[in-house]
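Q: Below you'll find the structure I mean.
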Amino acid sequence: AAAQAAAWLAGGGLPDPEAGLKWGYMEGATDYLFEEREPSPGVAYVRLVPVLRAEPTGHDLIDELLREPRSWRWDGHGESMDWWPAVLPSHREVVAVNYLPHLLYQWNHAGVYPPYLEALCQADGPVGDATAIALAYFLSTDAERGVPLLLRMAARGDLPAAAVGRQLTHLIRRAGHQTRPVVAALAVAAREGAYEQVWEILRAMLPGLLPGEGERPNVTHTEAVTLAADVATWAKAGGEVPATVSAYAMSKRTSRFARECRRLRTQLT
(Lines give C-alpha, C1' and ligand atoms only; values in the text may rest on other atoms or scores of the structure.)
Protein backbone atom coordinates (compact mmCIF):
# COMPACT_ATOMS: atom_id res chain seq x y z
CA ALA A 1 0.00 0.00 0.00
CA ALA A 2 2.85 2.39 0.82
CA ALA A 3 4.54 1.68 -2.52
CA GLN A 4 1.25 2.29 -4.35
CA ALA A 5 0.71 5.59 -2.53
CA ALA A 6 4.29 6.68 -3.28
CA ALA A 7 3.85 5.89 -6.97
CA TRP A 8 0.56 7.80 -7.03
CA LEU A 9 2.17 10.85 -5.39
CA ALA A 10 5.10 10.69 -7.80
CA GLY A 11 2.61 10.78 -10.66
CA GLY A 12 1.16 14.08 -9.50
CA GLY A 13 -0.98 13.01 -6.58
CA LEU A 14 -4.35 14.52 -5.87
CA PRO A 15 -5.79 17.18 -8.19
CA ASP A 16 -7.74 19.91 -6.46
CA PRO A 17 -11.29 18.60 -5.94
CA GLU A 18 -14.39 20.74 -6.28
CA ALA A 19 -14.94 21.90 -2.72
CA GLY A 20 -17.22 24.41 -1.07
CA LEU A 21 -20.63 24.72 0.55
CA LYS A 22 -24.27 25.59 0.12
CA TRP A 23 -26.60 27.11 2.70
CA GLY A 24 -29.64 25.04 3.60
CA TYR A 25 -32.42 24.88 6.15
CA MET A 26 -35.20 22.61 7.32
CA GLU A 27 -38.81 23.71 7.05
CA GLY A 28 -41.38 21.30 8.34
CA ALA A 29 -39.77 17.94 7.67
CA THR A 30 -38.18 18.93 4.38
CA ASP A 31 -34.67 20.10 3.60
CA TYR A 32 -34.22 23.07 1.26
CA LEU A 33 -31.38 25.15 -0.09
CA PHE A 34 -31.46 28.94 0.06
CA GLU A 35 -30.60 29.02 -3.63
CA GLU A 36 -33.82 27.11 -4.36
CA ARG A 37 -36.22 29.14 -2.24
CA GLU A 38 -36.12 31.55 0.67
CA PRO A 39 -37.38 30.19 4.01
CA SER A 40 -40.65 31.24 5.55
CA PRO A 41 -40.49 33.71 8.47
CA GLY A 42 -39.56 32.03 11.72
CA VAL A 43 -37.41 29.24 10.27
CA ALA A 44 -34.60 29.00 12.79
CA TYR A 45 -32.53 25.93 11.93
CA VAL A 46 -30.12 26.59 9.10
CA ARG A 47 -27.22 24.36 8.16
CA LEU A 48 -24.14 24.25 5.98
CA VAL A 49 -24.26 21.66 3.19
CA PRO A 50 -20.77 20.41 2.28
CA VAL A 51 -19.78 20.18 -1.37
CA LEU A 52 -16.87 17.86 -2.18
CA ARG A 53 -16.45 16.15 -5.52
CA ALA A 54 -13.19 14.45 -6.50
CA GLU A 55 -12.23 12.09 -9.27
CA PRO A 56 -11.72 8.57 -7.89
CA THR A 57 -8.07 7.76 -7.39
CA GLY A 58 -8.42 3.98 -7.41
CA HIS A 59 -7.06 3.82 -3.87
CA ASP A 60 -9.86 3.01 -1.45
CA LEU A 61 -8.42 4.71 1.62
CA ILE A 62 -7.61 7.90 -0.27
CA ASP A 63 -11.05 7.93 -1.88
CA GLU A 64 -12.57 7.54 1.57
CA LEU A 65 -10.85 10.77 2.63
CA LEU A 66 -12.43 12.53 -0.35
CA ARG A 67 -15.98 11.36 0.26
CA GLU A 68 -18.44 14.24 0.55
CA PRO A 69 -19.34 14.67 4.25
CA ARG A 70 -22.91 14.46 5.39
CA SER A 71 -24.47 17.76 6.36
CA TRP A 72 -25.87 16.22 9.55
CA ARG A 73 -23.73 15.09 12.47
CA TRP A 74 -24.41 12.43 15.05
CA ASP A 75 -23.12 11.37 18.47
CA GLY A 76 -19.39 10.80 18.39
CA HIS A 77 -19.04 12.31 14.94
CA GLY A 78 -16.13 14.74 14.70
CA GLU A 79 -14.18 13.68 17.76
CA SER A 80 -10.86 13.64 15.85
CA MET A 81 -11.20 16.70 13.64
CA ASP A 82 -7.88 18.11 14.86
CA TRP A 83 -6.15 15.44 12.72
CA TRP A 84 -7.57 16.68 9.43
CA PRO A 85 -4.95 19.37 8.64
CA ALA A 86 -2.14 16.85 9.12
CA VAL A 87 -3.88 14.33 6.89
CA LEU A 88 -4.40 16.74 3.96
CA PRO A 89 -2.00 19.65 4.52
CA SER A 90 -1.92 20.55 0.82
CA HIS A 91 -5.71 20.63 0.40
CA ARG A 92 -7.00 22.86 3.17
CA GLU A 93 -10.31 23.60 1.46
CA VAL A 94 -11.09 19.88 1.63
CA VAL A 95 -10.26 19.98 5.35
CA ALA A 96 -12.54 23.01 5.82
CA VAL A 97 -15.39 21.19 4.06
CA ASN A 98 -15.15 18.44 6.68
CA TYR A 99 -15.49 21.06 9.42
CA LEU A 100 -18.77 22.42 8.06
CA PRO A 101 -21.26 20.10 9.83
CA HIS A 102 -19.73 21.08 13.17
CA LEU A 103 -19.33 24.83 12.76
CA LEU A 104 -22.63 26.59 13.43
CA TYR A 105 -23.98 24.63 16.40
CA GLN A 106 -21.23 23.64 18.79
CA TRP A 107 -22.91 23.11 22.14
CA ASN A 108 -22.92 19.54 23.50
CA HIS A 109 -21.09 18.32 20.41
CA ALA A 110 -17.61 18.27 18.97
CA GLY A 111 -16.94 21.72 17.55
CA VAL A 112 -14.52 23.65 15.37
CA TYR A 113 -12.01 25.55 17.51
CA PRO A 114 -9.50 28.32 16.73
CA PRO A 115 -6.49 25.95 16.64
CA TYR A 116 -8.16 24.11 13.75
CA LEU A 117 -8.37 27.34 11.79
CA GLU A 118 -4.78 28.19 12.73
CA ALA A 119 -3.75 24.87 11.17
CA LEU A 120 -5.66 25.78 7.99
CA CYS A 121 -3.81 29.09 7.85
CA GLN A 122 -0.50 27.24 7.99
CA ALA A 123 -1.51 24.71 5.33
CA ASP A 124 -1.46 25.03 1.55
CA GLY A 125 -3.75 24.68 -1.38
CA PRO A 126 -6.65 26.69 -2.76
CA VAL A 127 -9.05 28.43 -0.41
CA GLY A 128 -12.71 29.11 -1.01
CA ASP A 129 -16.04 29.42 0.73
CA ALA A 130 -15.45 26.60 3.24
CA THR A 131 -12.24 28.16 4.56
CA ALA A 132 -13.86 31.59 4.33
CA ILE A 133 -16.83 30.70 6.50
CA ALA A 134 -14.58 29.20 9.17
CA LEU A 135 -12.70 32.49 9.35
CA ALA A 136 -15.94 34.49 9.16
CA TYR A 137 -17.39 32.49 12.05
CA PHE A 138 -14.50 33.37 14.36
CA LEU A 139 -14.46 37.01 13.26
CA SER A 140 -18.10 37.09 14.35
CA THR A 141 -17.86 35.08 17.58
CA ASP A 142 -14.25 35.33 18.80
CA ALA A 143 -12.55 38.36 17.28
CA GLU A 144 -9.60 38.11 19.65
CA ARG A 145 -8.65 34.87 17.91
CA GLY A 146 -10.17 35.58 14.51
CA VAL A 147 -8.47 38.89 13.71
CA PRO A 148 -4.88 37.57 14.03
CA LEU A 149 -5.80 34.72 11.70
CA LEU A 150 -7.19 37.18 9.16
CA LEU A 151 -3.98 39.20 9.41
CA ARG A 152 -1.85 36.07 8.97
CA MET A 153 -3.68 35.02 5.83
CA ALA A 154 -3.59 38.56 4.49
CA ALA A 155 0.18 38.71 5.04
CA ARG A 156 0.62 35.42 3.18
CA GLY A 157 -1.51 36.67 0.31
CA ASP A 158 -4.03 33.82 0.53
CA LEU A 159 -6.98 35.48 2.26
CA PRO A 160 -10.24 34.79 0.31
CA ALA A 161 -11.47 38.28 1.16
CA ALA A 162 -14.54 38.44 -1.07
CA ALA A 163 -15.66 34.98 0.08
CA VAL A 164 -15.20 36.02 3.73
CA GLY A 165 -17.39 39.06 3.07
CA ARG A 166 -20.15 36.98 1.49
CA GLN A 167 -20.11 34.44 4.28
CA LEU A 168 -20.18 37.13 6.97
CA THR A 169 -23.33 38.51 5.37
CA HIS A 170 -24.88 35.04 5.33
CA LEU A 171 -24.00 34.50 9.00
CA ILE A 172 -25.74 37.78 9.84
CA ARG A 173 -28.75 37.43 7.56
CA ARG A 174 -29.33 33.68 7.78
CA ALA A 175 -27.80 32.50 11.05
CA GLY A 176 -28.63 35.46 13.30
CA HIS A 177 -25.09 36.64 14.05
CA GLN A 178 -24.75 40.23 15.21
CA THR A 179 -23.42 42.91 12.87
CA ARG A 180 -21.67 45.11 15.41
CA PRO A 181 -19.01 42.56 16.55
CA VAL A 182 -18.19 41.86 12.90
CA VAL A 183 -17.71 45.54 12.09
CA ALA A 184 -15.59 45.99 15.22
CA ALA A 185 -13.38 43.03 14.28
CA LEU A 186 -12.89 44.33 10.75
CA ALA A 187 -12.04 47.79 12.11
CA VAL A 188 -9.26 46.28 14.25
CA ALA A 189 -7.89 44.33 11.27
CA ALA A 190 -7.91 47.48 9.12
CA ARG A 191 -6.04 49.49 11.74
CA GLU A 192 -3.49 46.68 11.99
CA GLY A 193 -2.65 47.21 8.32
CA ALA A 194 -5.03 44.93 6.41
CA TYR A 195 -7.18 47.80 5.15
CA GLU A 196 -7.02 46.69 1.51
CA GLN A 197 -8.26 43.22 2.43
CA VAL A 198 -10.89 44.63 4.79
CA TRP A 199 -12.15 46.83 1.97
CA GLU A 200 -12.53 43.74 -0.25
CA ILE A 201 -14.47 42.04 2.57
CA LEU A 202 -16.74 45.04 3.05
CA ARG A 203 -17.27 45.49 -0.67
CA ALA A 204 -18.61 41.93 -0.80
CA MET A 205 -20.65 42.41 2.39
CA LEU A 206 -22.42 45.68 1.74
CA PRO A 207 -24.92 44.64 -0.98
CA GLY A 208 -26.44 41.98 1.29
CA LEU A 209 -25.90 43.74 4.60
CA LEU A 210 -27.36 47.19 4.01
CA PRO A 211 -31.10 47.79 4.40
CA GLY A 212 -33.24 46.40 1.64
CA GLU A 213 -36.76 47.19 0.54
CA GLY A 214 -38.96 47.96 3.53
CA GLU A 215 -36.02 48.25 5.94
CA ARG A 216 -34.70 51.39 7.59
CA PRO A 217 -31.01 52.06 8.27
CA ASN A 218 -29.95 51.54 11.86
CA VAL A 219 -26.83 52.34 13.82
CA THR A 220 -25.03 49.16 12.75
CA HIS A 221 -25.65 49.96 9.09
CA THR A 222 -24.15 53.40 9.72
CA GLU A 223 -21.11 51.92 11.44
CA ALA A 224 -20.57 49.51 8.52
CA VAL A 225 -20.73 52.24 5.89
CA THR A 226 -18.52 54.53 7.98
CA LEU A 227 -15.85 51.83 8.21
CA ALA A 228 -16.22 51.11 4.48
CA ALA A 229 -15.70 54.80 3.66
CA ASP A 230 -12.63 54.94 5.90
CA VAL A 231 -10.92 51.83 4.53
CA ALA A 232 -11.85 52.66 0.93
CA THR A 233 -10.10 55.98 1.43
CA TRP A 234 -7.02 54.34 2.96
CA ALA A 235 -6.90 51.79 0.14
CA LYS A 236 -7.55 54.45 -2.53
CA ALA A 237 -10.33 52.21 -3.76
CA GLY A 238 -12.55 52.86 -6.74
CA GLY A 239 -15.18 50.97 -8.66
CA GLU A 240 -18.87 50.16 -8.57
CA VAL A 241 -20.99 51.78 -5.88
CA PRO A 242 -23.47 49.42 -4.14
CA ALA A 243 -27.05 50.26 -5.14
CA THR A 244 -28.20 51.04 -1.59
CA VAL A 245 -25.22 53.32 -1.02
CA SER A 246 -25.88 55.11 -4.29
CA ALA A 247 -29.59 55.54 -3.55
CA TYR A 248 -28.97 57.13 -0.16
CA ALA A 249 -26.04 59.18 -1.46
CA MET A 250 -28.25 60.77 -4.12
CA SER A 251 -31.12 61.44 -1.73
CA LYS A 252 -31.66 64.65 0.19
CA ARG A 253 -31.59 62.87 3.53
CA THR A 254 -29.38 64.43 6.21
CA SER A 255 -28.90 61.39 8.46
CA ARG A 256 -25.40 60.23 9.29
CA PHE A 257 -26.04 57.07 7.26
CA ALA A 258 -26.79 59.17 4.17
CA ARG A 259 -23.73 61.37 4.77
CA GLU A 260 -21.46 58.33 5.04
CA CYS A 261 -22.99 56.89 1.88
CA ARG A 262 -22.08 60.11 0.11
CA ARG A 263 -18.55 59.95 1.45
CA LEU A 264 -18.15 56.36 0.22
CA ARG A 265 -19.63 57.18 -3.18
CA THR A 266 -17.30 60.14 -3.56
CA GLN A 267 -14.27 57.94 -2.85
CA LEU A 268 -15.34 55.21 -5.26
CA THR A 269 -16.14 57.56 -8.12
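The values are calculated or read from the model by the stated rules, or taken from the named source; none is laboratory data. Please read all numbers here as calculations on a predicted model, not as lab measurements. No Cβ is skipped: glycine too gets one built from the backbone with ideal geometry, and neighbour counts run over all protein chains shown.
Q: Could you grab me the full set of residues in segment 33-58 that are among the basic types (Lys, Arg) and assigned to a loop (DSSP other than H, G, I, E, B)?
A: If the condition is that a residue be among the basic types (Lys, Arg) and assigned to a loop (DSSP other than H, G, I, E, B), then 37 is the only one that fits.
Q: Hey, another quick one. Across segment 23-38, what is the total count of residues that are modelled with pLDDT of 90 or more and either touching a helix residue (DSSP H, G or I) at 6+ places or on another chain (Cβ under 9 Å) or of a type in the set (S, T, N, Q) (or both)?
A: 3
Q: Could I ask something else about it? What residue, among those in segment 16-32 that are assigned to a strand (DSSP E or B) and among the small types (Gly, Ala, Ser), is surrounded by the fewest Cβ atoms within 10 Å (Cβ to Cβ)?
A: 24
Q: Continuing with this model, one more query. Condition check: small (Gly, Ala, Ser), crowded, with 16+ Cβ neighbours inside 10 Å, in the same structural domain as residue 150 (by TED's automatic domain parsing) and assigned to a helix (DSSP H, G or I). Does residue 86 satisfy that?
A: no
Q: Give the number of residues within segment 221-246 that are exposed (fewer than 15 other Cβ atoms within 10 Å of the Cβ) and assigned to a helix (DSSP H, G or I).
A: 1
Q: Next up: Given the residues 176, 212, 239, 208, which is the only one that is on the phi > 0 side of the Ramachandran plot and under 22 Å from the mean Cα position of the chain (by Cα)?
A: On the way: 212 fails: on the phi > 0 side of the Ramachandran plot; 239 fails: under 22 Å from the mean Cα position of the chain (by Cα); 208 fails: on the phi > 0 side of the Ramachandran plot.
One residue alone meets the criteria, 176.
Q: A further question follows. Based on this model, can you work out whether residue 70 counts as part of a loop (DSSP other than H, G, I, E, B), surrounded by fewer than 16 Cβ atoms within 10 Å (Cβ to Cβ), assigned by TED's automatic domain parsing to the domain that holds residue 88 and in contact with a helix residue (DSSP H, G or I) (Cβ under 7 Å, 6 or more places away or on another chain)?
A: Against the criterion (part of a loop (DSSP other than H, G, I, E, B), surrounded by fewer than 16 Cβ atoms within 10 Å (Cβ to Cβ), assigned by TED's automatic domain parsing to the domain that holds residue 88 and in contact with a helix residue (DSSP H, G or I) (Cβ under 7 Å, 6 or more places away or on another chain)), residue 70 qualifies.
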